[in-house]
Amino acid sequence: MINLPMIIGGQKVEKKEKIDVVYPYTQEVIGQVPKGDSQDVEKAVEKAKIGFEKLKALSSYEKYKILMNAASLLEKRKEEFARTVVYEVGKTIREARTEVERCITTIIFSAEEAKRIEGEYVHIDAVPNGKGKKGFYFREPAGIVAAITPFNFPLNLTAHKIAPSIAAGCPFVLKPSERTPLSPIMLCELFLEAGIPEEAVSVIPGFADVGQAMTTHPDVRVVSFTGSLKVGEIIAKQAGLKKIVMELGSNSAVVIDEDANLEKAAKKSVQGGFAVAGQVCISVQRILVHEKVADRFHKLLKEEVSKLKFGDPMDEETDVGPVITVDEVNRIQAWIEEAVEKGAKVETGGTTEEKTIFRPTVVVDVPEETKLFYEEAFAPVVTVKRFKSIDEAIKLVNKSNYGLQVGVFTNNLKNAWKFIQQAEVGGVIINDIPTFRADNMPYGGVKGSGIGREGPKFAIDDYTEIKVVVFDTGE
């Protein structure tokens, strides 16, 4: 049993009310954390005000050193963190180790960016009344950051919020998913050990009331949220005059052109569709394949799916672990049933192996009006649809409330450029899946997929404010 405290202003806090952390694979309780409330948020914000003053007093080099120290501490405890991620998320041990490595990289990127928060000279004399004046601007920390993270990448997505926050000089109040609070708390303990001012760090596990208290607090300046579109819309309406960064999911498509490398496309599509049991914002959900190569691709796809081993996530050979809860299994089955009732066909999978192990599933001929086509499935399910032309494929990609990333397999530069210009998404990945993400790239989407961009350099832009300075030189 892993029992961890909440953290308020760097201090460990226990409470009578607890949140159980359940191992998705066995449904056993494997940990507990205190259940936070709005009063805890109030205390954390008061502490963060002190932390803000202390962080602002640190040099760029001092913030760099803190972040590098944190990365070094995590490096020494990689396997412990990886196993914790498996227990709270259910992702495979290999996937968890990859997440830990990415988390280290994200922290290092943030450390490097702490030394590169720059301004620019402004030609004030470019206006008629600017003669004799010199100007420049620089960036200052914006203030307290409210960070809310999801269950699927509890470690790396926490790092993507709090590491750039520290680099920018902003204290944070973090609410991890109530399902996966363990690794975020452990990570924040590492940051404290690395030397960050105590008052700048708060982690409050809890439910919607904690999130509401954080995002509506008048002393919070930045809200960084990763989660569902529904919750994102609520936050946007109630947050008030704050800087808002949101990553709200997708139902990402991969497009297979007639001249694509079909073997690579099939293998990559399976990787992107079933990693973390499909519970990734940029999971491959819709596979759109040119009719001229559809039959061949379909055969290759089914062959790749048949190779997947699903089951115990601690088994080194397992490819697909459980989904997060039994309720999610029931939802997935309901969505598939709706699609089948309207004419879709389940080619493989579509059933559970154990309570939360959902077999990797391929569904074809999915009508566009079904949830499985236009909503985010967040499940080990991919759909396959044929298209006749690139223009048709682009329309299908854009026929969505979301617009995070699209993958396009093609050797036709003209078709690739069409997607780059016309796809309504935040990222176009050529000859790879939409599930590709480098932790230093500007990551985010358009439409219902969110506002702003993550990636340390780009997050720091949202965690800082511009201050302009003008000198009258008397010339």
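The values are calculated or read from the model by the stated rules, or taken from the named source; none is laboratory data. For clarity, every value in this text was computed on a predicted model and none was experimentally measured. Don't worry about glycine lacking a Cβ; one is built from the backbone with ideal geometry, like all the others, and counts go over all protein chains shown. Only protein heavy atoms, including side chains, enter the accessible area calculation; ligands, DNA and RNA are left aside. Shrake-Rupley method; radii C 1.70, N 1.55, O 1.52, S 1.80 Å.
Just a few scattered comments:
- Candidate set from the stretch 316-348 (those that are among the hydrophobic types (A, V, I, L, M, F, W, C) and assigned to a loop (DSSP other than H, G, I, E, B)); member that is surrounded by the fewest Cβ atoms within 10 Å (Cβ to Cβ): ALA344
- Just one of the listed residues (GLY51, GLY90, GLY10) is at positive phi and more than 22 Å from the chain's Cα centre (by Cα), and it is GLY10.
- Check on VAL366, open to solvent by less than 50 Å² (accessible area, probe 1.4 Å), in contact with a helix residue (DSSP H, G or I) (Cβ under 9 Å, 6 or more places away or on another chain) and assigned to a strand (DSSP E or B): no
- Yes/no for THR105 being under 17 Å from the mean Cα position of the chain (by Cα), of a type in the set (S, T, N, Q) and either within 30 Å of VAL320 (Cα to Cα) or open to solvent by 50 Å² or more (accessible area, probe 1.4 Å) (or both): yes
- Residue selected from the stretch 13-48 under the condition surrounded by fewer than 15 Cβ atoms within 10 Å (Cβ to Cβ) and polar (S, T, N, Q), by the criterion nearest to the chain's Cα centre (by Cα): GLN27
- Number of the exception - LEU241 against (1) assigned to a loop (DSSP other than H, G, I, E, B); (2) among the aliphatic types (A, V, I, L, M); (3) open to solvent by less than 10 Å² (accessible area, probe 1.4 Å): (3)
- Of the residues making up the stretch 32-83, just one is without any contact (Cβ under 8 Å) to a residue 12 or more places away in the chain, under 18 Å from ALA168 (Cβ atoms) and either part of a strand (DSSP E or B) or polar (S, T, N, Q) (or both), namely SER59.
- Top-ranked residue in the stretch 426-450 [being over 13 Å from the mean Cα position of the chain (by Cα) and among the β-branched types (Val, Ile, Thr); ranked as farthest from TYR374 (Cα to Cα)]: ILE430
- Unique match (being under 26 Å from ARG437 (Cα atoms) and at pLDDT 95 or above) among VAL13, VAL89, VAL29: VAL89
- Criterion violated by GLU338 - all others in (1) out of contact with any Phe, Trp or Tyr (no Cβ under 7 Å at 6 or more places or on another chain); (2) over 26 Å from VAL428 (Cα atoms); (3) in contact (Cβ under 8 Å) with a residue 60 or more places away in the chain satisfied: (3)
- VAL305 vs. criteria open to solvent by less than 60 Å² (accessible area, probe 1.4 Å) and either without any contact (Cβ under 8 Å) to a residue 12 or more places away in the chain or closer than 26 Å to GLY448 by Cα (or both): no
- Long-range neighbours under 9 Å by Cβ, at least six apart or interchain, first residue under 10 Å from ILE256 (Cβ atoms) and open to solvent by less than 10 Å² (accessible area, probe 1.4 Å) within the stretch 286-297, second part of a strand (DSSP E or B) and modelled with pLDDT under 95: none
- For the stretch 371-389, taking the residues that are closer than 21 Å to GLY272 by Cβ and not hydrophobic (A, V, I, L, M, F, W, C), the one that is most open to solvent (accessible area, probe 1.4 Å) is identified as ARG386.
- Any hit, the stretch 13-26, residues being basic (Lys, Arg) and assigned to a strand (DSSP E or B): yes
- Residues that are over 15 Å from LEU372 (Cβ atoms), open to solvent by less than 10 Å² (accessible area, probe 1.4 Å) and outside any helix (DSSP H, G or I) within the stretch 266-285 comprise GLN279, ILE282, listed in sequence order.
- Check on LYS230, within 30 Å of VAL270 (Cα to Cα), part of a helix (DSSP H, G or I), without any contact (Cβ under 8 Å) to a residue 60 or more places away in the chain and of a type in the set (D, E, K, R): yes
- Among (1) open to solvent by 60 Å² or more (accessible area, probe 1.4 Å); (2) of a type outside the set (Phe, Trp, Tyr); (3) out of contact with any Gly (no Cβ under 8 Å at 6 or more places or on another chain) - the single one GLU353 does not satisfy: (3)
- Residue list for the stretch 367-392, restricted to those being over 26 Å from the mean Cα position of the chain (by Cα) and either among the small types (Gly, Ala, Ser) or at pLDDT below 95 (or both): PRO367, GLU368, GLU369, SER389
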